[in-house]
Amino acid sequence: MVLMRQTSTGAEMALAVHDAIQTAGHAPPALRGGRAPYVLSGVLALAATAAAGLSVSYPDVLGGNPAGNGNLHGTALAVLSFGLPALIAAMSLTAKGSTRAFVVWLGTLGYLLYQAVLLCFATPLNNLFLVYLLFLGLSLWSIATLLRATDLRAFATRVAPTLPIRWVAGFTLGLVAVNSAAWLGRIVPAVLGPTPRSLLDGTDLLTNPVYVQDLAVWLPLAATAAVVALRRGPWGTLVTGSMLAMYVLECLSIAVDQWFGAHADPTSPIASAAMTPVFAVAAALIAVPLALYLRHVDRRPTAVPNGALRRRDRDLRRAAVAKVRAEARRFTARRGP
């Protein structure tokens, strides 16, 4: 029993030394081990490819008015052109240990969920409904699974203390304010007036899923995360960066869908080719704080000179040897002569 106890103690110390050396050299990954996030997001990529690819290949299936069909055709094309490549690249780089890619992965999942809602609710029921539904469900559960596997403490160690989070969070709050004002500026006069359905002119829809998800989910989430990020809360910092990544992709998507919608019906009030460069510029502007944010993530202490690294590892090993010797002396003292 004594021998087993001694062996156990030695093993524990060896593991402690190993962990100390690993931690000293590299910050722990933000994503815990496990295949579930990769598997679910991989299946999502297949579902998104099917939903978007079939929508682009068979536009007549959409069944809405010309401008609405054009918008959704552009949305599907953007998913194929921007969303899926971003998802696959982010997953691959996260698997190699990149926390920057992990932030983009989460933001890309948010973008795909947004587009899945549009495919499900911004087009009349059609033959692709079950494919759209699969796309929506997998997007939602991929986010839940990825968040479940997130180690916020480890994420915090990957963020440099020099990150100008007040500037990034302030920009995000400004973005939320502008977007909210734009939507409420349309909604409030309409719902307080005699013809609230004027909000839907030219859409042939029963409601507007853009207003619904922006005002009920995404804008409150971005605002709350930014406020928490101001206090350097890990989850607020993570979600703020992810929301910026999502908004870059969303602005690019809007630029594409406005172009297709306007060319399908130049007289429609729901699409304008003039908005394509506007949202392309918006994507570029949002990319600035996103790039600044990502520049301060994955800041590992690998810039320590090699000599300092060797001295640190040597000191760790000496401390481990000292602990083993002390344990051996205690063991000898307990046994007696």
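Odds and ends about this structure:
- The residues packed around LEU146, meaning those with a beta-carbon under 13 Å from its beta-carbon, carry a net charge of +2 if Lys and Arg are +1 and Asp and Glu are -1.
- For LEU31, residues with placed amide H under 5 Å, excluding near neighbours: ASP151
- The phi torsions of segment 220-232, fed into the Karplus equation with coefficients 6.51, -1.76 and 1.60 and a -60° offset, translate into couplings of x, 5, 5, 5, 5, 4, 5, 5, 5, 5, 4, 9, 6 Hz, rounded to whole numbers, with Gly and Pro shown as x.
- Each Lys and Arg adds +1 at its Cβ and each Asp and Glu adds -1 at its Cβ; summed about the Cα centre, segment 16-303 shows a dipole of about 1220 debye.
- Ordering VAL103, VAL117 by the number of other Cβ atoms within 10 Å of each residue's own Cβ, fewest first, gives VAL117, VAL103.
- Summing +1 for each Lys or Arg and -1 for each Asp or Glu among the other residues whose beta-carbon sits under 12 angstrom from that of ALA78 gives -2.
- Shown is the FRET efficiency for LEU200 and ALA291, computed with R0 = 35 Å from the Cβ-Cβ distance and rounded to the nearest 0.05: 0.40.
- Ranked by how many other Cβ atoms sit within 10 Å of their own Cβ, fewest first, the residues TYR38, TYR211, TYR111 fall in the order TYR211, TYR38, TYR111.
- Using alpha carbons only: equivalent-ellipsoid semi-axes of segment 16-303, gyration tensor based, whole Å: 36, 22, 15
- Full-extension gain in nm, ALA319 to LEU152, via 0.36 nm per residue minus C-alpha separation: 57.2 nm
We did not get these values from a lab; they are worked out from the coordinates using the rules stated. All values derive from a computational prediction rather than experimental measurement. Please note: Cβ atoms are built from the backbone with ideal geometry, for glycine as well, and neighbour counts cover all protein chains shown.
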